[in-house]
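Inspection log for the structure reproduced underneath, given as structure tokens.
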Amino acid sequence: MYRLPSSANRSLIAGAVEQCRALVMRPKSQTIRKRSVRFKTQGPMESYGLKRYSTAEATVPATNKIREKTLTMETLNPQVKAVEYAVRGPIVMKADEIEKCLREGGKQPFTEVIKANIGDAHAMGQQPITFLRQVVALCTFPELMDSPSLPEDAKTRAHRILQGCGGTSLGSYSASQGVDCIRRDIAAYIEQRDHGVPADSENIFLTTGASDGIVSILRMLVSGQGASRTGVMIPIPQYPLYSAAIAEMEAVQISYYLDEDNCWALDINELHRAYQAAKKHCQPRVICIINPGNPTGQVQSRKCIEEVLHFAYEENLFVMSDEVYQDNVYAPGCEFHSFKKVLYEMGPEYFNSVELASFHSTSKGYTGECGFRGGYMEVLNLDPEVKAQLVKLRSVQLCPPVSGQAAMDVIVNPPRPDEPSFSCFQQEKTAVLGALAEKAKLTEEILNSVPGIQCNPVQGAMYAFPQLFIPPKAVEQAKALGMQPDMLYCLRLLEETGICLVPGSGFGQREGTYHFRMTILPPKDKLKVLLDNLRDFHIKFLKEYGTLEVPRG
């Protein structure tokens, strides 16, 4: 059967048929000339057919009525309006405006904006890990395999990754769970990290950063209506991804408070309090833990983790363990313990029954490769039918970025001591983590020297979350302006010093307390300037509102 070659030709023929029909239906009184019919067209025949159906050519009746928008703030999904994400909230938007003003020659009482609001290591000047970039470069541009300037161990890894990609190209889709050989490398890494606790690559899902995995698991868990609606237990303070996802999914947030007086430790009594209170209006189904902590910078003890897992076992809760800062541990005496390892050590009764999803990422640790959006999650003890549904859900997104998967592979499969890149890699890794440890200590010491600021030790992660004393007059002014007192503080700090921090109210905090979160990522000299300027601002702020007398807690 012959097919018309294009929509333009089909339109042309449709137009011709209509004109012929008009000629046939013409009254007999009209004279029809005995010669071939010529259709009135302008330009090529193809454009004629297209013109007839062009919306640009359509005649719109004259009217004063303005077409209303379909999507307005009134018709917008109310759950989208409920989402808040302080890390890139109003303070950061204001910082962007000030930066633009400075670039255009505007005057400010400072020469640059120091963005200490987000854990973006490379934006703060951290240099990439050479071996990771070499492997990803080789995967992206395989012609580099012939270059003598790149080490053989990087070429070997890149070749293996490419062999696992369709068409041996990083530009192809991978399986929805991720490239198979990378999943096997992650399983081997987990076994080594957890001193022999078994890991199965079938339980590994590559993700677009850890956030993507966290949202996927929450989406699986949220169900029910009214008093049976899923309740999600999250730490306060928390990373705003959790509260944002809970709001968007219309789940119920169950806040449990970390113990600030005990270096932000988990308190099992507080877990029981939050759980029992929540049972009156929802069905608690999941508990989320961030370890090491964001924004609080604590490293949970093995005892705390065991208590949480026992609590989850008793109350039949799904456990979500956000472990993206597992390489970022600085304080003497602190050690990272994975929830999976502790669960295994608690015995088969726990290890074979508690449902656990743990998350890791390329964005943190010593690599800081936020832009690759690489990550993974490991799931344990999922019902087989539920796991099939998770695979289906992940398949909707096709696959995570394959370049991010390649970057994740380097993190879990770094150079070995007998390989040529090991010395350089180890030197760079040690330098990054050593510098972060120094800056964690520096931040704690300087903040604690300022009247009205109390900062717990920054044991791990990339942040300090100090408590602020804000004078009553400043609190009253903030309320009159319709904002939180720590928002007023951070806004004033930004406008007067160029320092961009995030108010503690964006992460959650106990009523009547005020905090801010700041990263320790800026270079040491710039971090010192930041902290000195912050100290001067804070003393000036206290004097402005009439007191340097700070209540002692």
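Considering only region 128-140, I want to know if a residue exists there that is out of contact with any strand residue (DSSP E or B) (no Cβ under 8 Å at 6 or more places or on another chain) and under 30 Å from Gly89 (Cβ atoms). Yes: region 128-140 contains one or more residues that are out of contact with any strand residue (DSSP E or B) (no Cβ under 8 Å at 6 or more places or on another chain) and under 30 Å from Gly89 (Cβ atoms). Considering region 435-553, the qualifying helices (runs of 4 or more DSSP H), each wholly inside and each with 1 or more residues that are touching an Asp or Glu at 6+ places or on another chain (Cβ under 7 Å) and within 23 Å of Ile118 (Cβ to Cβ), run over 524-544. Here Gly224 passes the criteria (1) among the small types (Gly, Ala, Ser); (2) open to solvent by less than 40 Å² (accessible area, probe 1.4 Å); (3) part of a helix (DSSP H, G or I) except the one numbered (3).
Of the helices (runs of 4 or more DSSP H) lying entirely inside region 236-349, the ones with 2 or more residues being polar (S, T, N, Q) and surrounded by fewer than 19 Cβ atoms within 10 Å (Cβ to Cβ) are found at 268-278.
Applying the set (1) at pLDDT below 95; (2) over 23 Å from Gln467 (Cβ atoms) to Asp267 leaves exactly one unmet item: (2). Restricting attention to region 147-204, the residues being open to solvent by less than 30 Å² (accessible area, probe 1.4 Å), part of a helix (DSSP H, G or I) and in contact with a strand residue (DSSP E or B) (Cβ under 9 Å, 6 or more places away or on another chain) number 5. In the set Ala480, Ala461, only one residue is over 23 Å from the mean Cα position of the chain (by Cα) and either without any contact (Cβ under 8 Å) to a residue 40 or more places away in the chain or crowded, with 20+ Cβ neighbours inside 10 Å (or both); that residue is Ala480. The conditions of being under 30 Å from Leu534 (Cα atoms), out of contact with any His (no Cβ under 6 Å at 6 or more places or on another chain) and either among the hydrophobic types (A, V, I, L, M, F, W, C) or open to solvent by less than 30 Å² (accessible area, probe 1.4 Å) (or both) are met by Phe110.
Within region 483-516, the only residue that satisfies the criterion of being surrounded by fewer than 20 Cβ atoms within 10 Å (Cβ to Cβ) and on the phi > 0 side of the Ramachandran plot is Gly512.
Looking only at region 219-246, residues that are within 25 Å of Tyr463 (Cα to Cα) and of a type outside the set (S, T, N, Q) come to 13 in all. Just one of the numbered conditions (1) open to solvent by 10 Å² or more (accessible area, probe 1.4 Å); (2) touching a His at 6+ places or on another chain (Cβ under 7 Å) is not true of Ala435: (2).
Scanning region 350-378 for residues that are in contact (Cβ under 8 Å) with a residue 60 or more places away in the chain and in a loop (DSSP other than H, G, I, E, B) yields Thr362, Ser363, Lys364, Tyr366, Thr367, Gly368, Glu369, Arg373, Gly374.
The values are calculated or read from the model by the stated rules, or taken from the named source; none is laboratory data. Computed from a prediction, not measured in an experiment: that's the story for all the values here. Note: ideal-geometry Cβ built from the backbone for every residue, glycine included; neighbour counts use all protein chains shown. Accessible surface areas use protein heavy atoms only, side chains included; no ligands, DNA or RNA. Shrake-Rupley method; radii C 1.70, N 1.55, O 1.52, S 1.80 Å.
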